[in-house]
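Only the coordinates and a few stated rules stand behind these numbers; no lab work does. It should be emphasised that the depicted structure is a prediction, and the values quoted were computed from it without experimental measurement. Cβ sites come from the backbone with ideal geometry, for glycine too, and all protein chains shown count toward neighbours.
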Amino acid sequence: MSDLLDATLTHLRALVAFDTRNPPRAMGTGGIFDYLCAQLSGFDCTVTDHGAGAVSLYAVRGAPKWLFNVHLDTVPDSPAWTASPHELRVSANRAIGLGACDIKGAAAALVAAAQASDGEAAFLFTSDEEANDPRCIAAFLRESPAIDAVIVAEPTRGEAVLAHRGISSVLMRFAGRAGHASGEQKMTDSALHQAIRWGDRALDHVDSLSHARFGGLTGLRFNIGRVEGGIKANVIAPGAEVRFGFRPLPSMDTDDLLRTFRDLAEVAPVEFTETFRGPSLPAGDIAHAEARRLAARDLADALDLTIGNAVDFWTEAALFSQAGYTTIVYGPGDIAQAHSADEWVALDQLEAVATTYQRLLEKTP
């Protein structure tokens with residue numbers, strides 16, 4: 001085991017021990033942030049509380065032009081864990097712990113790389129990525145930081161990802177009229193029948209978009225995640241609620257998709273609310289998105305990073321891209337292990353990414 005990997009695992013063990021589950025996002029300005037500030041000797045560290053458990057740490061050494069961003073919050077653990085999720089376990093080839101893959105492994109690697117180098121560096125650690133209420137990056141971007149490019153850590157198997165889908169989550173409510181189910185019904189009497197017929201049309205529309213492509217991604221990802229309503233089998237449902245989400249390609253217009261999904265209802269829903277939206281990476285219309293993708297490719301080439309395929313999952317890299325910064329996604333781990341019981345990151349990837357971080361910090365302009 002190299003000294004750099006050993007240091008990375010030491011930091012990862014400490015970071016995993018902090019409970020940063022989101023929800024409940026019950027984090028203060030101490031704890032994990034105190035630990036990171038103590039490890040980043042020579043950095044100017046600013047910890048900011050953005051409310052509702054959203055806390056960020058901006059750590060700067062010198063006057064760098066690149067920003068490294070890592071989120072510290074994790075999803076909740078499940079009962080399927082075979083040991084404590086907050087105690088790091090290291091086997092011959094993997095490190096196991098809540099957040100080890102997504103994405104405390106990258107945070108540990110960055111700290112180890114910063115301690116092993118003296119180059120200029122800027123780190124933004126955030127705590128609100130795993131919920132639909134992002135505040136940290138929005139507040140950071142309002143300050144218009146003087147940086148040229150952003151490297152966002154997410155599990156990409158040590159490859160530079162230049163493109164991913166956007167995301168939109170929606171709440172719909174339908175209204176019907178309660179009555180005895182033995183009687184003849186109009187098509188719109190049951191709110192649940194309205195919801196089911198809407199779902200059928202929505203799925204057909206998604207199928208019609210299967211030919212759409214961008215950067216190796218194909219079609220529209222769509223999911224009806226929850227349907228609730230009604231009273232019992234012999235009562236016409238007076239109300240129904242549907243929660244659905246979709247993940248558009250960078251070339252797709254989210255507002256147009258929302259209008260289409262809303263208009264597919266036979267009767268206008270009593271509520272149609274987008275509860276969360278994240279832009280695609282790269283952000284912008286198809287012309288701007290392609291220009292930003294090419295700029296990100298040039299950056300990855302200049303940094304000698306292996307370029308990977310576009311991915312289906314969403315990251316906050318899209319927020320930096322939307323603000324006009326050249327942005328790539330790069331970190332250790334495989335998304336297949338993220339959010340899973342006994343989540344793990346491969347040691348060889350952890351070491352390779354830590355080594356790359358050190359190389360980049362030593363050459364940061």
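Using the per-residue mean of other Cβ atoms lying within 10 Å as a proxy for protection, in what order, highest first, do the peptides 128-136, 222-230, 150-158 fall? If you can, show how the numbers build up before the last one.
Numbers: 128-136: 19.7, 222-230: 14.6, 150-158: 25.9.
Listed from highest to lowest mean packing, they are 150-158, 128-136, 222-230.
Report, to two decimal places, the Cα Rg of segment 167-278 normalised by 2.2 N^0.38 Å (N = number of residues).
That works out to 1.17 for segment 167-278.
Using helices alone, I'd like the mean residue ellipticity at 222 nm for the chain: each DSSP H run of four-plus residues gives -39500 (n - 2.57), total over residue count, nearest 500. Spell out each step's value before the answer.
On the way: 9 runs with 109 residues, N = 365.
Rounded to the nearest 500, it is -9500 deg cm²/dmol.
Quick one: go through segment 238-260 and flag any residue whose amide nitrogen is under 18 Å from the point 7 Å out along the Cα-to-Cβ line of R277.
244-260
Mind ranking 252-263, 291-302 by how tightly packed they are, going by the mean number of other C-beta atoms within 10 angstrom, highest first?
On the way: 252-263: 14.7, 291-302: 16.8.
Packing proxy ranking, top to bottom: 291-302, 252-263.
Can you tell me the FRET efficiency between R297 and D148 if r is taken as the Cβ-Cβ distance and R0 is 22 Å, rounded to the nearest 0.05? Walk me through the numbers before you get to the answer.
On the way: r = 15 Å, r/R0 = 0.69.
E(calc), rounded to 0.05, equals 0.90.
How much length, in nm to one decimal, is gained on full extension between A52 and S91, taken as 0.36 nm per residue of separation minus their Cα-Cα distance?
Details: separation 39, 0.36 × 39 = 14.04 nm, distance 3.66 nm.
Stretched fully, the A52-S91 segment lengthens by 10.4 nm.
Please give the net charge around I137, taking every other residue with its beta carbon less than 9 angstrom from that of I137, where Lys and Arg add +1 and Asp and Glu add -1.
Values: positive: R135; negative: D128, E129, E316.
Summing Lys/Arg as +1 and Asp/Glu as -1 gives -2.
Taking the inverse of the average 1/r across all pairs of different Cα atoms in segment 121-201, what Kirkwood radius in Å do you get? It would help to have the intermediate numbers written out before the result.
On the way: mean 1/r = 0.0550 Å⁻¹.
Value: 18.2 Å, from the Cα pair sum.
Provide Rg and Dmax in Å for segment 273-365, with only Cα atoms included in the calculation.
Just the Cα atoms of segment 273-365 yield Rg and Dmax of 15.2, 47 Å.
Could you tell me how many degrees, from 0 to 90 and to the nearest 10, lie between the Cα long axis of helix 3-17 and the main elongation axis, the longest principal axis, of the Cα atoms of the chain?
Around 40 degrees separate the two axes.
Expressed in nm to one decimal, what extension gain is obtained for the pair D304 and M1 from 0.36 nm per residue of sequence separation less their Cα-Cα distance?
Working: separation 303, 0.36 × 303 = 109.08 nm, distance 2.42 nm.
Once the chain is fully extended between D304 and M1, it gains 106.7 nm.
How much length, in nm to one decimal, is gained on full extension between D285 and A181, taken as 0.36 nm per residue of separation minus their Cα-Cα distance? Don't skip to the end; give the middle numbers.
Details: separation 104, 0.36 × 104 = 37.44 nm, distance 4.87 nm.
Contour length minus the Cα-Cα distance gives 32.6 nm.
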